[in-house]
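Trainee: First, the structure itself, so that you have it in front of you.
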Amino acid sequence: MKLAVFASGSGSNFQAVADAAAENRIDAGIAVLVCDKPDACVVERAEAMNIPVFSFRPKNYENKAAFEQEIVEELQKKEVDLIVLAGYMRLVGDTLLTAFQKRMINIHPSLLPAFPGLNAVEQAWEAGVKVTGVTVHEVDQGMDSGTIIAQEAVAVKPSDSLASLTKAVQAVEHRLYPDTIQFLLRERLSQGGAMHQ
Ligand code: GAR
C-alpha cells in the first residue's frame, strides 16, 4: 500500500507516520510528501528519510484546480492508495476530492465537531473545557468535517498550561494516526485488495 502525506508545517505527524512505516508498524510506505510550503521543516524531515517530495507554491498557479490537477497526476503516477493529511493547512478542492473519494483522511487536535479550524488546542484551552482530544476523519468539502473514524480524549488537568496540554494532545496524535492508518489498511485489504482504482 502506498500513502501520500500532505503537510504544511513542522511535520511531527508526518514523522510519526514515516517512523511507523519504517518500523513496519503500518503495512504501507510513504510514496510522496506533498507540501504547499517549500521552506517548511517537514520537507527536511522527508529528505532526511529519502522520501520523495512534491512541493509547490499555490500562488504560482492560476487557481486551486490547477495545482490540484498536478498533484492528482503525480499521485496517480505513483499509484497512491490513501491520502493522509497531516497539518495540511488548506481546504481540499473538488479536483482532489473527486480523484480520491473515500481515500483521504485528516487528523485534527480536538474532539470534533468541537473546535474546528486553526489553533484548536488554544480554542479548547480558552473555552475552559475539561476534556479535549484528537480526531481522525474522512475528508470532505468542509473545514475539519467528514465522517469520524477515530477519536481519543485528553483530560485537561488542573496543573496544565497551554504548552503542556499541546504536548499531551500531540503525543496522542503521534500514536493515534499510525494506529488508525493501519486499522484502515487492514479493513480495506480484508474487503478485497487494492484501494486505488
Ligand atoms: C497537528 O496538530 C494537526 O492535527 C493540525 O496541525 C498540526 C500540525 O502539526 N491540523 C489541523 O489543525 C487541521 N485543521 P505537525 O506539522 O507537527 O504535524
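Trainee: Please report the relative contact order for the chain, taking Cα pairs under 8 Å with a sequence separation of at least 6, and give it as a percent rounded to a whole number.
Mentor: Working: 351 pairs, mean separation 41.5, N = 197.
The normalised contact order for the chain reaches 21 percent.
Trainee: In this model, which of Lys78/Lys102; Lys102/Lys167; Lys37/Lys157; Lys37/Lys130; Lys37/Lys77; Lys77/Lys167 are farther than 28 Å apart at the alpha-carbon? Let's see the in-between values first.
Mentor: Numbers: Lys78/Lys102 18 Å; Lys102/Lys167 30 Å; Lys37/Lys157 35 Å; Lys37/Lys130 35 Å; Lys37/Lys77 22 Å; Lys77/Lys167 37 Å.
Distance filter (> 28 Å) returns Lys102/Lys167; Lys37/Lys157; Lys37/Lys130; Lys77/Lys167.
Trainee: Here is a further query. When 1/r is averaged over all different Cα pairs and the result inverted, which Kirkwood radius in Å belongs to the chain?
Mentor: Working: mean 1/r = 0.0584 Å⁻¹.
Radius from the Kirkwood sum: 17.1 Å.
Trainee: Related question: Please turn the phi angles of region 158-167 into ³J(HN,Hα) values with the Karplus equation 6.51 cos²θ - 1.76 cosθ + 1.60 (θ = phi - 60°), one per residue in order, whole Hz, x for glycine and proline.
Mentor: So the J values, rounded to whole Hz, are x, 7, 5, 10, 4, 5, 6, 5, 4, 4.
Trainee: Now a separate question. What FRET efficiency do you get for Gln69 and Ser164 if R0 is 35 Å and r is their Cβ-Cβ distance, rounded to the nearest 0.05? Provide the component values of the computation, followed by the final result.
Mentor: Values: r = 43 Å, r/R0 = 1.23.
So, using R0 = 35 Å, E works out to roughly 0.25.
Trainee: Which of Thr135, Thr180, Thr95 has the fewest other C-beta atoms within 10 Å, and how do the rest follow up to the most? Before the final figure, lay out each step's value.
Mentor: Numbers: Thr135 26, Thr180 22, Thr95 18.
Going from least to most buried by this count: Thr95, Thr180, Thr135.
Trainee: Just add up the charged neighbours of Ser161: K/R +1, D/E -1, any other residue whose Cβ is under 14 Å from the Cβ of Ser161.
Mentor: My count for the surroundings of Ser161 gives -1.
Trainee: I need Arg186, Arg103 ordered by Cβ neighbour count within 10 Å, fewest first.
Mentor: By the 10 Å Cβ count, ascending, the order reads Arg186, Arg103.
Trainee: Another question about this same structure. What does the net charge come to around Leu75 if you take all other residues with beta carbon closer than 12 Å to its beta carbon, with K and R at +1 and D and E at -1?
Mentor: -2
Trainee: Identify the GluC sites (Glu not before Pro) of region 1-66 meeting these criteria: DSSP loop state and at most 16 other C-beta atoms within 10 Å of the C-beta.
Mentor: Glu23, Glu62
Trainee: As a test of the formula, what do you get for the chain when each DSSP H run with n ≥ 4 contributes -39,500 (n - 2.57) and the sum is divided by the residue count, at 222 nm and rounded to the nearest 500 deg cm²/dmol? Don't jump to the answer; show the numbers that get you there.
Mentor: Details: 6 runs with 76 residues, N = 197.
Roughly -12000 deg cm²/dmol at 222 nm, from the helical runs in the chain.
Trainee: Applying the Karplus parametrisation 6.51 cos²θ - 1.76 cosθ + 1.60 with θ = phi - 60° to the phi angles of region 87-101, what ³J(HN,Hα) value in whole Hz is obtained for each residue in order, glycine and proline being reported as x?
Mentor: x, 8, 8, 7, 6, 7, x, 4, 4, 6, 4, 5, 5, 10, 4
Trainee: While we're looking at this one, here's another question. Hey, can you grab everything whose amide H is under 5 Å from the amide H of Phe54? Only 5+ residues off in sequence or another chain; H modelled, so Pro and N-termini drop out.
Mentor: Leu33, Val34, Cys35
Trainee: Counting other C-beta atoms within 10 Å, which of Val32, Val84, Val156 has the fewest, and how do the rest follow?
Mentor: Val156, Val32, Val84
We did not get these values from a lab; they are worked out from the coordinates using the rules stated. Note that this is a predicted model, so its numbers are computed, not measured. Note that each Cβ is placed from the backbone with ideal geometry, even for glycine, and that neighbours are counted across all protein chains shown.
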